[in-house]
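One structure is given below, represented as structure tokens, and several questions about it will come after.
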Amino acid sequence: MSKHVQNVVIVGGGSAGWMTAAYLSKALDKNVQITLVESSNITTVGVGEATFSTIKVFFDYLGLQEHEWMPKCNATYKMGIKFVNWNAKRQHFYHPFQRYEVIDGFDISEWWLKIKKNQEAFDYACFLIPWLCDNQKSPRYLDGQVFDDKVQNEFSSQQIAKKNILNNLKIQYPYAYHFDANLLARFMKDYAMRRGVKQIVDDVIDVKLAEDGSIDHINTKEHDSINGDLFIDCTGFRGLLINKALGEPFISYAESLLCDSAIAMQLPSDIQKDGINPYTTATALNNGWVWNIPLYGRSGTGYVYSSAFVSQEDAEKEFREHLGEASDNCKASHIKMRIGRNRNSWVKNCVAIGLSSGFVEPLESTGIFFIQHAIEELVSHFPNKSSNEELINSYNKVIADCIDGVRDFLTLHYCASDRADTEFWKATKHDIKVPENLREKLRLWKNRLPNNKSINPKFHGFESYSYSVMLLGLNYMPESSLPVLEHIEDQNARAAFMAIQEKANYLSATLPSQYEYLTHVIKSQ
Ligand code: FAD
């Protein structure tokens, strides 16, 4: 009998299940049979439409070009997140997919504190992307060239072929995507099935364990039992295999992150008239915040709130008031969110990926990033049929560090904000648990902005510039600039600010709008 894994069984056909099936069908050779079982009675969560810029690596790995998949998934570009009403002054700010320039050894944000703080908003002074967002620009010219000269080369086919692991990335991609979650799952399904993945539509009604506690087989309602060497639990918040069958405990983040509920809605949009914003919006309300994700043809929106502070009915009322007439006749779906992670996402011969593994509120669009990260790590830790203990421990540590790291980063979004006008916002200042290492860092960051040495060094997808942007936007910043900058001439910094301004004007004048670019891509098919 072969010691190699020959049968992989994925349970669940949401984004996690089909992304995993697609990726594994490419990563593993034909000797491994992949079967995906999905229920036609239990719906997918149906949200998860804004992504993180590293998602590009996933599509590149599958060998999929934007023109092949974007039109089929009503996808648009996302160059960042616009945070609205997150600070006491209710000024908006962007968290762009763009690193800071370094001027004379210091991030340009440090120079902003010295030269520009009282004149210009930090995001417009330090980055190009806020200007492109305000002007609804596409990140690509009509000939396909990406606006950012520094990374343009990375989009060439030779470069794409070379890289496939997200934490080895040397560059910051200037954009991510928004897409229709159901259409993406369907696209991934077609891709995976073309590569030999077998689909079974049925309900899993029972999970049978072997003597050693691993999963022996699953029983379905209408098909025979299904055996496997490795089972992947993609059953969403249910955690049917990992939690229910194997009994792995779930660690809640409720003490740090208060939001536990969401109301999702799809809104019609007139993109020809109104254009398409190349960013996700996160607007703070009284008891949480609202996402807006513009797709090609409609937008997705949702209110993420804390049920400790508002009832379901009042939250929907507040949400509809916020949306105004746009929400008339739109159906709202209420979702209870399980916030936290499994103690271990890999137990025996079962790996949980997606919502069954862990989830934090979608404030930085990390759900699909967690899926991508988990799949890549699974491939690099791919097991034999036996003796995988060290591999499993290593996998579990990497996954836990990543999700915990994002929890801390999101906690910062709340505790560093100076907004405290409602019971919910007051609780984010006084009642939440701020992890000790973050608390310590926050003291430092009141004196100097985060850099690579002061943020959490474990891979969790966010770099120091993201921490710095959030602190500046939330009004949690040093009182004065770094003392050492008083000893360095500032002409290079001034020239850099000027160059950003000139480049922003040039790009705003020459790039096509996102609507124009995407319509051009669709028409050229
Ligand atoms: P699901 O979509 O719930 O799929 C579960 C699957 O398991 C279904 O196919 C179901 O039929 C199947 N299943 C369950 N039980 C059985 C059974 N007994 N037998 C057979 N099949 C079964 N992520 C982002 O990256 N960006 C975002 O903007 C974002 N926004 C979000 C907003 C909200 C409110 C929520 C809750 C999540 C959001 N996410 C976001 C996360 C994202 O939606 C998920 O990570 C992603 O959709 C993956 O879900 P899933 O496939 O794990 O689970």
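Tell me, what is the 1.4 Å probe accessible area of H95, in Å² to the nearest 10?
10 Å²
Using a 1.4 Å probe, what is the accessible area per residue for region 261-336, in Å²?
Accessible surface, normalised per residue, equals 44 Å².
Here is a follow-up. Treating only the Cβ of Lys, Arg, Asp and Glu as charged (+1, +1, -1, -1), what charge dipole size does region 208-363 show about its Cα centre? Round to the nearest 20 debye. Walk me through the numbers before you get to the answer.
On the way: 14 positive and 20 negative charges, 24 e Å.
Charge dipole, region 208-363, about its Cα centre: 120 debye, nearest 20.
Grab the Cα-Cα distance for E489 and N118, subtract it from 0.36 nm times how many residues apart they are, and report the gain in nm with one decimal.
My answer for the length gained is 131.6 nm.
Could I ask something else about it? Show me the trypsin sites (Lys or Arg not before Pro) within region 447-525 that DSSP assigns to loop and that have at most 14 other Cβ atoms within 10 Å of their Cβ. Mind dumping the intermediate values first?
Numbers: sites: R448, K453, K458, R494, K503, K523; in loops: R448, K453, K458.
Here the trypsin sites (Lys or Arg not before Pro) that fit, given the DSSP loop and packing criteria, are K453, K458.
In whole percent, and with a 1.4 Å probe on the protein chains, what portion of the accessible area of region 428-525 is carbon and sulfur?
Answer for region 428-525: carbon and sulfur cover 52 percent of the accessible area.
So for D190, D260, what's the accessible-area order with a 1.4 Å probe, most first?
So, going from the largest accessible area down, we get D190, D260.
Can I ask one more? Compute the FRET efficiency between K331 and K385 as 1/(1 + (r/R0)^6), taking r as their Cβ-Cβ distance and R0 = 45 Å, and round to the nearest 0.05.
0.45
Note down the net charge around I200, summing +1 for each Lys or Arg and -1 for each Asp or Glu among other residues with Cβ under 13 Å from its Cβ.
On the way: positive: K189, K198, K221; negative: E38, D202, D203, E222, D224.
So the surrounding residues net to -2.
Got a number for the accessible area of D418? Probe 1.4 Å, square angstrom, nearest 10.
Rounded to the nearest 10, that gives 70 Å².
Sticking with this one: Which number comes out as Rg/Rh for region 261-336 once both Rg and the Kirkwood Rh are worked out on C-alpha atoms?
Reported Rg/Rh, Kirkwood definition of Rh: 0.97.
In region 87-133, which GluC sites (Glu not before Pro) fall in coil by DSSP and have 15 or fewer other Cβ atoms within 10 Å?
E120
Projected onto the charge dipole of the chain (+1 at Lys/Arg Cβ, -1 at Asp/Glu Cβ, origin at the Cα centre), which of Y296, N31, L128 gives the Cα projection farthest towards the positive end?
After comparing all options, I get N31.
Oh, and also: With N residues in region 400-525, what two-decimal value do you get for its Cα radius of gyration over 2.2 N^0.38 Å?
It is 1.42.
Within the chain, what percent of beta bridges assigned by DSSP are antiparallel, to the nearest 5? Could you put the intermediate results ahead of the total?
Values: 51 of 71 bridges.
Of all bridge pairs located within the chain, approximately 70 percent are antiparallel.
Can you give the log10 of the normalised intensity I(q)/I(0) at q = 0.09, 0.15, 0.18, 0.20 Å⁻¹, computed with Debye over equal Cα scatterers of region 137-293?
Result of the Debye calculation: -0.58, -1.23, -1.27, -1.31.
Work out the length of the dipole vector of region 389-499 about its Cα centre, built from +1 on the beta-carbon of each Lys and Arg and -1 on the beta-carbon of each Asp and Glu, and round it to the nearest 20 debye.
With Lys and Arg at +1 and Asp and Glu at -1, about 140 debye.
Something else about it: Treating cross-link reach as a plain straight distance, find the lysines whose alpha-carbon is under 19 Å from the alpha-carbon of K82, omitting any fewer than eight places away in the same chain.
List returned: K137.
Can you compute the charge dipole magnitude of the chain about its Cα centre, using +1 on each Lys and Arg Cβ and -1 on each Asp and Glu Cβ, nothing else charged? Give it in debye, rounded to the nearest 20.
440 debye
Of G46, V201, Y100, which is farthest along the charge dipole of the chain in the positive direction, counting Lys and Arg as +1 and Asp and Glu as -1 at C-beta?
Going by the charge dipole, the pick is Y100.
May I pose another question? Distance cut-off 25 Å, Cα to Cα: go down the list K78/K244; K117/K446; K170/K397; K244/K429 and report the pairs above it.
Pairs exceeding the cut-off: K78/K244; K244/K429.
Using 20 Å bins from zero, what percent of all Cα-Cα pairs in the chain falls into each bin?
Here the calculated profile for the chain is 22, 56, 22, 1.
Let me ask something else about it. Kindly express, to the nearest 10 degrees and within the range 0 to 90, the angle between helix 181-194's C-alpha long axis and the longest C-alpha principal axis of the chain.
Helix 181-194 and the main axis of the chain meet at about 50 degrees.
The values are calculated or read from the model by the stated rules, or taken from the named source; none is laboratory data. Since we're looking at a predicted model, the values are computed, not measured. Glycine also receives a Cβ, built like all others from the backbone with ideal geometry; neighbour counts cover every protein chain displayed. When the accessible area is computed, the model is the full protein with side chains, heavy atoms only, and any ligands, DNA or RNA have been set aside. Shrake-Rupley method; radii C 1.70, N 1.55, O 1.52, S 1.80 Å.
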